[in-house]
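The values are calculated or read from the model by the stated rules, or taken from the named source; none is laboratory data. This structure is a prediction, so every number in the text was calculated from the model and none was measured. Positions of Cβ are generated from backbone atoms using ideal geometry, with glycine treated the same way; all protein chains shown enter the neighbour counts. Areas reflect the complete protein model, heavy atoms only, side chains present, ligands, DNA and RNA absent. Shrake-Rupley method; radii C 1.70, N 1.55, O 1.52, S 1.80 Å.
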Amino acid sequence: MAKKITSRVNWVGKIDWELTSFHGDELSTHRGSSYNSYLIRDKKVALIDTVWLPYDKEFVTRLAQEIDLNKIDYIIMNHNEVDHSGALPELMRYIPDVPIYCTKKGEAIIRGHYHQDWNFVNVKTGDTLELGDTTLTFIEASMLHWPDTMFTYMSGENILFSNDGFGQHYATESLFNDAVCEVEVMQEAEKYYANILNTYSMMVTKKVQQILAMNLTIDMICPSHGVIWKNNPTQIVEKYLQWADAYQLNQVTIAYDTMWQSTRLMAQAIADGIREILPDTTVKLYNVAHEDKNDVLTEIFHSRAVLIGSPTINYGISFAVAGLLEMIKGLKLKKKKAAAFGSYGWSGDAVKIINEHLTSAGLEVLGDGLKMLWVPDQEALAQCTEYGREIAKQL
Ligand code: FEO
């Protein structure tokens with residue numbers, strides 16, 4: 001069912017309460033998500049974005065209950081990943097000649113996905129589309145987070161339609177940020193930023209500053225996932241500037257895998273040493289074989305330092321730790337300190353391998369790491385605690 005945003009704008013998207021993972025299985029979505037599509041009725045009618053493919057018929061059926069599809073004058077595609085463009089083919093079956101406004105790269109992506117010769121209109125930053133009493137202004141936002149991404153600003157209602165930017169995977173029927181739990185929404189917004197946008201932080205900073213310099217009055221930010229920022233919309237803009245600037249809380253995260261508990265015992269003893277030197281610092285431990293990878297990644301995102309531990313397995317590291325290190329590399333974290341540790345039985349290669357991964361990921365590696373043969377006894381655990389103290393002193 002459509003939901004009213006303003007007298008001229010209705011939400012016509014899909015709340016996906018069932019979604020538990022996104023991008024295949026790359027990103028966990030514990031609180032579901034939504035695919036937000038917006039219908040603007042002025043003298044002209046514009047539809048902003050569609051929804052994910054599995055909901056294409058449902059979307060078009062409900063849209064047709066809201067408005068005669070033939071009355072739609074323009075389709076605006078801010079971003080063309082399948083979660084926003086998936087329902088386009090079904091919609092275009094009914095209105096094949098309606099122009100689709102998107103960036104040049106957006107057109108290439110739509111053509112690459114759906115292989116249709118629709119009526120594309122390429123737009124650039126500053127291009128406008130008059131709807132009557134209101135005007136849409138397009139702002140390219142390449143690599144936030146795909147090359148085709150753009151934002152659309154609506155004058156008159158002072159709404160920034162930001163697609164993935166400022167979004168969260170958060171299902172709610174309430175739509176607006178002031179109608180839901182603020183803590184939950186900010187957790188999901190940070191997780192979304194850390195896992196999807198942090199890689200492009202330099203572009204985020206530049207784009208946010210560019211938008212702020214445009215001196216637009218922004219009464220609402222309408223992203224394509226999760227809640228609409230209606231109450232104090234600048235709060236999420238300010239958060240983005242913080243998150244994009246090597247964001248850190250006073251936290252150290254220890255992420256490890258363990259075969260027979262030796263690496264876990266090491267992790268605990270190292271944590272004791274860190275807490276001893278830095279009593280005000282939060283130290284969190286995660287067994288990455290059991291924990292949600294994206295939640296661990298979000299903890300690492302906002303940590304001062306990360307310690308990665310793995311037993312040596314067949315001259316290598318554990319599958320879970322290898323996956324985490326690959327994800328850390330993808331995030332392009334800045335100003336993050338790191339260290340390695342792990343137990344071993346004979347070759348003891350894991351610590352060296354972890355350090356190589358951390359270095360290639362751009363983290364500042366503190367020393368050669370610590371490895372312990374077989375099961376650490378009290379003396380070995382005391383060495384681990386001392387190692388924790390040494391790491392803490394370098395933070
Ligand atoms: Fe929500 Fe990049 O798609």
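For the residue pair D245 and A64, what label-to-label distance in nm results when each label sits 7 Å from Cα along the Cα-to-beta-carbon direction?
Placing both labels 7 Å beyond Cα along the Cβ direction yields 5.1 nm.
What length, rounded to one decimal in nm, is gained on full extension from T128 through to K332, with 0.36 nm per residue of separation minus their alpha-carbon distance?
Value of the extension gain: 70.0 nm.
Rounding to the nearest 10 and keeping the result within 0 to 90°, find how far the Cα-based axis of helix 262-277 lies from the longest principal axis of the chain.
Between helix and principal axis, roughly 90 degrees.
In square angstrom, what is the accessible area per residue of the chain with a 1.4 angstrom probe?
Details: 16590 Å² over 395 residues.
Using a 1.4 Å probe on heavy atoms only, each residue of the chain averages 42 Å².
Any idea what angle helix 182-192 forms with the longest principal axis of the chain, computed on alpha-carbon atoms, 0 to 90 degrees, nearest 10?
It is inclined by approximately 80 degrees.
Using θ = phi - 60° and the Karplus curve 6.51 cos²θ - 1.76 cosθ + 1.60, what whole-Hz ³J(HN,Hα) does each residue of the range 203-212 get, with Gly and Pro shown as x?
Per residue, the Karplus-derived 3J(HN,Hα) values read 5, 4, 4, 4, 5, 4, 5, 5, 5, 5 Hz.
Per the helix-only calculation at 222 nm, which mean residue ellipticity applies to the chain, given -39500 (n - 2.57) for every DSSP H run of n ≥ 4 and division by its residues, nearest 500 deg cm²/dmol?
-10000 deg cm²/dmol
Ratio to report: Rg/Rh of the range 280-390, with Cα atoms as the point set and Rh obtained by the Kirkwood method; give two decimals.
Working: Rg = 13.5 Å, Rh = 14.3 Å.
The Rg/Rh ratio comes out at 0.94.
Quick one: plug the Kirkwood hydrodynamic radius of the chain (C-alpha pairs) into Stokes-Einstein at 20 °C, 1.002 mPa s, and report D in µm²/s.
Once the numbers are plugged in, D ends up at 95 µm²/s.
Using the structure shown, list the pairs from K14/K104; K191/K371; K44/K105; K207/K332 with a Cα-Cα distance above 20 Å, or answer none.
K14/K104; K191/K371; K44/K105
If I build a Gaussian network model for the chain, linking alpha-carbon pairs within less than 10 angstrom, which residue out of D42, D68, D178 has the largest mean-square fluctuation?
For the chain, modelled as a Gaussian network with Cα springs under 10 Å, the answer is D68.
Springs between alpha-carbon atoms under 10 Å, Gaussian network over the chain: tell me which of P54, P99, P233 tops the mean-square fluctuations.
Largest GNM mean-square fluctuation: P54.
What does the charge count around Y170 come to, taking other residues whose C-beta lies under 13 Å from its C-beta (Lys +1, Arg +1, Asp -1, Glu -1)?
That works out to -4.
Can you figure out the FRET efficiency of Y114 with H23, using R₀ = 25 Å and their beta-carbon distance, to the nearest 0.05?
Once the sixth-power term is evaluated, E becomes 0.80.
Sticking with the crude label model, points 7 Å out along Cα→Cβ, report the distance from M186 to T217 in nm, one decimal please.
2.8
Give me the percent of the accessible area of the chain that comes from carbon and sulfur atoms, probe 1.4 Å, all protein chains in place. Don't skip to the answer; put the middle values down first.
On the way: 8470 of 16590 Å².
Roughly 51 percent of what the probe reaches on the chain is carbon or sulfur.
Could you please state, rounded to a whole Å, how far the C-alpha centre of the range 124-192 is from the C-alpha centre of the range 285-331?
Using only Cα atoms to place each centre, the spacing works out to 32 Å.
Looking at the range 148-219, which GluC sites (Glu not before Pro) are DSSP coil and have at most 10 other C-beta atoms within 10 Å of their C-beta?
On the way: sites: E157, E173, E182, E184, E188, E190; in loops: E157, E173.
Filter output for the range 148-219: empty list.
Among the GluC sites (Glu not before Pro) in the range 1-74, which ones are in a DSSP loop with at most 13 other Cβ atoms within 10 Å of the Cβ? Mind listing them?
When the GluC sites (Glu not before Pro) of the range 1-74 are filtered for loop state and at most 13 Cβ neighbours within 10 Å, E18, E26 remain.
With the chain treated as a Gaussian network of Cα nodes joined by springs under 10 Å, which of T29, T152, T205 yields the largest mean-square fluctuation?
T205
How big is the gap, in Å, between the Cα center of the range 71-115 and the Cα center of the range 202-218?
A separation of 26 Å, based on Cα centres.
Let me spell out the model: positive unit charges on the Cβ of Lys and Arg, negative unit charges on the Cβ of Asp and Glu, origin at the Cα centre of the chain. What dipole size does that give, in debye rounded to 20?
580
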